[in-house]
Amino acid sequence: MPEEASGGSQAQPKAHQEEVGAQQAAASRQPVSSEGLSTAEAEQLLRVHGRNELEEKHTSKLLIFLKLLVMPMPIMIWLAVLVEAAIGNWVDMFILLLIQFVNAFIAWYETTKAGDAVRALKASLRPQATARRDGVWQTLDAAALVPGDLVLLASGSHVPADCRVNEGTVDVDQSALTGESLPATIRAGEPAMMGGTIMRGEVHATVEQTGKHTFFGRTATLLQSVDSVGSLQRVLMRVVTVLLILSFLLCGIVLIFLLARGERFRDALGFIVVLLVASIPIAIEIVSTTTLALGSRQLSAQGAIVTRLTAIEEMAGMTVLCSDKTGTLTLNQMVIQADCPTFAPGQSRASVLQAAAMAAKWWEPPRDALDTMVLGAADLGALSGLRHVDFTPFDPTLKRTEANIQAAGGATFRVTKGAAHAVCSLLPADNAETVAQVNAKVEEYGRRGIRCMAVGLAEGKGPWRMLGLLTFLDPPRPDTRDTLEKALGYGVDTKMITGDNVLIARETARALGLGTRICTPEGLPSLPASGRVPRDLGVSLAPLVLASDGFAQVWPEHKYLIVEALRQAGHGVGMTGDGVNDAPALKRADVGIAVSGATDAARASADIVLTEPGLSTIVDAIIIARRIFRRIAAFLNYRIAATLQLLLFFFVAVFAFEPQRYNPQWPSYFQLPVLMLMLITLLNDGTLISIGYDRTVASPRPERWNLRQIFFMASVLGLVACLSSLLLLWACLDAPNPGSAFQRLGLPAVEYGKIITLIYLKVSISDFLTLFSSRTTGFFWSSRPGGLLLGAALFSLSLSTVLACAWPAVTVHPNIPVLGLARGEHRWGALLVWIYCLAWWVIQDALKVAAHSVLIAFNVFGVRTWDTGKGAVDGRLLGIRVDVDADGTPAAPLTQYTTAQGVHHEVEAGLTDLQQAYEQLHKDLAGARGADERRTLEQHLTAVQSMTNQINELTADGVDFLETLKQEFVADMRQLHADLMDWCQKKATSLTALSDRTQDTNQRFEKAQQETRSLGVDASAI
């Protein structure tokens, strides 16, 4: 397993590897064996040893709350509290403390709620184990295992406890324990440690230690893997960093300016500290985590359990879905067929079936779909006198099983079943004719979508001979084609990656509408011996992957490299699978999805585990993920705009507006009381928690983070809101002067205390109205907000308005008078601010729409391309080329190519049918086509060429082109069919008329002959 696929476990110290080796060596000196336990014995041992579970590290809720008080953002508030205390601003200090604890409580509540939700979902993914109880093999909760249990360790399953192998050989991935990337071979009498994954083989083992007494349990603290930072965390860190730098820069400039102007250090520092705290995006991570947690609950309701929250956000940007075939795209329910070609004398379908059953453990429950099919059709009673001497279970690299059988008389022979090419590779060199016959049959059946399983036999140590081919079908799931078409409609291209035969894969792909360009491993690179993945796969391999519809007959390392190549090329890659051979690719993909019924290895490597059969849940997950992405993007857009509005407003106000210049009794610079600033922050953050419940529409194409676009749009919103606030401040300060805006409007001047509350209410209202503008790229009414978000915003707006109206007449530090708008004279202030804010909201929203239109029109910041950081990926979805020679015939076959989205599958069938129709028409009319028919054909070709040129001009935003394309093809085909039928009808009419004339001529000739005979004239002479 490559280093990347082992979860970073290669960083384990060498001493730790040696400790594992010593543990295994010591245990190997104490051989133990078991034939299984009874239920009563197991229950008694369970009371003694406890459940087979590790003691999960659980952080108390009190400790979580305390940690929230010492995170980077709260530390900024603590510093502000210390500064306010140092300068003696006790009221401001207590206000900041109140804000600190209120924010911490909100964060604690949402964090613990999200954590409880994720733990509840993970609880449903408890590993299972196959153990022998009461003489019967049963599937149990692995936590119920006890020392002395007899368990079955098979490929794809986890080692459920510290066990000792009773017999046989098995390869175990112990990278989580030792850091070794290569699997270790465990033989009879040797221990297999809990935490390993069976990569190859199938054996019985005896449980020796469980739970915290296992080696894994004793060293669990050393095995903590460090989660990689997801794209969402990187985006949040970049946003917070930019806002913090901007806040410190502007606040530092203001502080220097105030000190240079002669303001008291105490007052200036107190103002700057509070402004800095108000501009800090305290709730940015809380809101994001809460939104993702809500999304995970929505996904669980759809049958998708999320084990890594950030995978939701990454699924929103998924552009390519690599999917295993068997059990994922198909039912994995094999239906055996009556056809059974045989290649050895005396063999029949029944004898081939019996040999295939011998190549499985027929006395145990079937391990997979193939064994279920074979054992269900074979006569198992005839095998009663046989026993396994040795057995090699299915291996994804060998692609076959093998058993060494001993008959009742002592004679031994070997049987094998598996992929035809794998069994053919065992045949002697002089069996070339048999190999050719087998390959011909496999190809013949493959074209019909029928799979083949070869069965071979060898007497003793003699050469292998081919017995026959069992034929069967693994039909696609009924909903798979519809699911893939829907995924395609959302811009997610599906690539089939399977180890199955290329012909079967091609037929399955054709039936599912995936396309038939299925490649084989030839030309694919191999993983180097060092295990290090080449860094040029995005250049060398990705174009081949994108140009194909899938790969067949691949090994697990090929799946891994295909996924890595797409990731290096900048694509968001999803991988679905169910087997141990899919586990490395599942772990490497941006979004690993284990389907229903997946092995333990696949489930452990996946980010999302499906609990319902099929892939239909994936489309629901894509829609939910993109809605969540929109919510987080809207929140970031708003939070940046709100910070810019607040910072720039006070920055400009300090430099441009000096209240004392308008009235000597007023302060020397404008500022809001600490309580008002903190109320703005608290009400905003409290409202934003509800954004996780907002109503959003999923994007029709994959999402991506374009921070330049987000910052630009947020700047437009923030600058408009800031400008409107500055204009209102200027108008209020200038109101007493002759010719002021207030006087021209017939409004009286207001006292300074009401100017403070006017600006407080203006900033509060603008903030919440900006929230509704930031939700959409169109006008604010284009998307109705969620009920909870709307209710929270209306509550906060109402509370802000009431507070602004009822604020008592007080003077706060440092000498800032405050007066409620509904107190004293002129009580119309609140109404005026509301009208003013609503008018500017319309202007703000219109400028937002105009700015977004400019970005789209000129592709500013690459909004129409996928700039992944590794080169921009063209967003054009499909291209078609039709070249026409002078005589109107196609110069080359119709071709199609794909780029980022690869949605050619939707119309591939139409393209193929159209090409075949034209070829057939040219062939049939080559000798008899007249000028009219040729002119009609040229018109059709010209129409198709014009239509395809229009398609090539579509941008990625033109996602509705698919339906238009279908309609054009349908219309063109109908017209072509009508023209062809009309021509055929004309020819048929002509032939009928000619036949009638010929028959009439013959009749006349016969009549003339009769007349000449009656006259005695020799007709031959005539």
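The values are calculated or read from the model by the stated rules, or taken from the named source; none is laboratory data. None of these values were measured; they are calculated from a predicted model. Positions of Cβ are backbone-derived with ideal geometry, glycine not excepted, and every protein chain shown enters the neighbour counts. Surface accessibility is based on the protein's heavy atoms, side chains included, excluding ligands, DNA and RNA. Shrake-Rupley method; radii C 1.70, N 1.55, O 1.52, S 1.80 Å.
Our estimate of slack between residue 1007 and residue 185, defined as 0.36 nm per intervening residue step minus the Cα-Cα distance, is 286.1 nm.
Averaging Cα coordinates gives a centre for the range 139-176 and one for the range 685-712; these two points are 45 Å apart.
If R0 is taken as 60 Å, the Cβ-Cβ distance between residue 707 and residue 439 corresponds to a FRET efficiency of 0.65.
Assuming a ≥ b ≥ c are the square roots of the Cα gyration tensor eigenvalues, decide whether the range 739-819 counts as rounded (a/c under 1.5), prolate (otherwise, with a/b larger than b/c) or oblate. Oblate is the answer for the range 739-819, as a/c is 1.5 or above yet b/c matches or exceeds a/b. Accessible area per residue for the range 288-394, computed on protein heavy atoms with a 1.4 Å probe, is 36 Å². Stretching the chain fully between residue 78 and residue 737 yields a gain of 232.9 nm (0.36 nm per residue, less the alpha carbon separation). With θ taken as phi - 60° and the Karplus curve 6.51 cos²θ - 1.76 cosθ + 1.60 applied, the whole-hertz 3J(HN,Hα) list for the range 545-553 is 5, 5, 7, 9, 9, x, 9, 10, 6 Hz, x standing for glycine and proline.
In sequence order, the range 822-839 has phi-based couplings of 9, 10, x, 7, 6, 8, 8, x, 5, 5, 4, 5, 4, 4, 4, 5, 5, 5 Hz under the Karplus curve 6.51 cos²θ - 1.76 cosθ + 1.60, θ = phi - 60°, and Gly or Pro positions carry x. With both labels modelled 7 Å from their Cα along Cα-to-Cβ, the residue 459 to residue 102 distance reads 9.2 nm. Put a plus charge on the Cβ of each Lys and Arg, a minus charge on the Cβ of each Asp and Glu, and nothing anywhere else: the dipole of the range 267-411 about its Cα centre is then about 400 debye. With R₀ set to 41 Å, the beta-carbon distance separating residue 39 from residue 406 gives a calculated FRET efficiency near 0.75. Nonpolar atom fraction for the range 720-864, defined as the carbon and sulfur part of the 1.4 Å probe accessible area, stands at 71 percent. A 1.4 Å probe run over the protein chains yields, for the range 733-874, 45 Å² of accessible area per residue, whole-number rounding. With 0.36 nm allotted per residue and the present C-alpha distance subtracted, the residue 481-residue 663 stretch has 58.0 nm of extension available. Under the simplified labelling scheme, the residue 520-residue 61 pair shows an inter-label distance of 6.2 nm, with each label point 7 Å from Cα along Cα→Cβ.
A protection proxy built from the mean count of other Cβ atoms within 10 Å ranks the segments 292-302, 500-510, most packed first, as 500-510, 292-302. Amide H contacts for residue 155 (H built 1.01 Å from N in the peptide plane; partners 5 or more residues away or on another chain; cut-off under 5 Å): 201.
Taking Cα centre as origin and charging only the Cβ of basic (Lys, Arg, +1) and acidic (Asp, Glu, -1) residues, the dipole magnitude of the range 486-638 rounds to 520 debye. Dipole check for the range 622-693: with +1 at the C-beta of Lys and Arg, -1 at the C-beta of Asp and Glu, and the Cα centre as origin, the magnitude is about 460 Debye.
To put it simply, the accessible area of the range 274-336 at a 1.4 Å probe is 51 percent carbon and sulfur.
Answer with one residue from 622, 544, 585: the one whose Cα lies farthest towards the positive end of the charge dipole of the range 530-634, charges on Cβ with Lys, Arg +1 and Asp, Glu -1. The residue sitting farthest along the positive end of the dipole is 622.
Residue-wise HN-Hα couplings along the range 490-501, as the Karplus relation 6.51 cos²θ - 1.76 cosθ + 1.60 with θ = phi - 60° gives them from phi, are 9, x, 10, 8, 9, 10, 7, 10, 9, x, 6, 4 Hz; Gly and Pro carry x.
Summarising the amide proton neighbourhood of residue 387: residues at separation of 5 or more, or on other chains, whose placed amide H is nearer than 5 Å comprise 406. Descending by average beta-carbon neighbour count within 10 Å, the peptides 751-761, 640-650 line up as 640-650, 751-761, the highest first. Probing with 1.4 Å while keeping every protein chain in the model, the per residue accessible area of the range 556-673 equals 24 Å². Peptides 192-205, 325-338 ranked from most to least packed by the mean count of surrounding Cβ atoms within 10 Å: 192-205, 325-338. Note on residue 337/residue 535: beta-carbon distance plugged into 1/(1 + (r/R0)^6) with R0 of 45 Å gives a FRET efficiency of 0.45. The simple spin-label model puts a point 7 Å past each Cα toward its Cβ; for residue 384 and residue 430 those points are separated by 4.0 nm.
Close amide H pairs (under 5 Å, H built 1.01 Å from N) link residue 71 with no residue at least 5 positions away or on another chain. The portion of the accessible surface of the range 577-653 made up by carbon and sulfur, rounded to a whole percent, is 46 (1.4 Å probe; DNA, RNA and ligands excluded).
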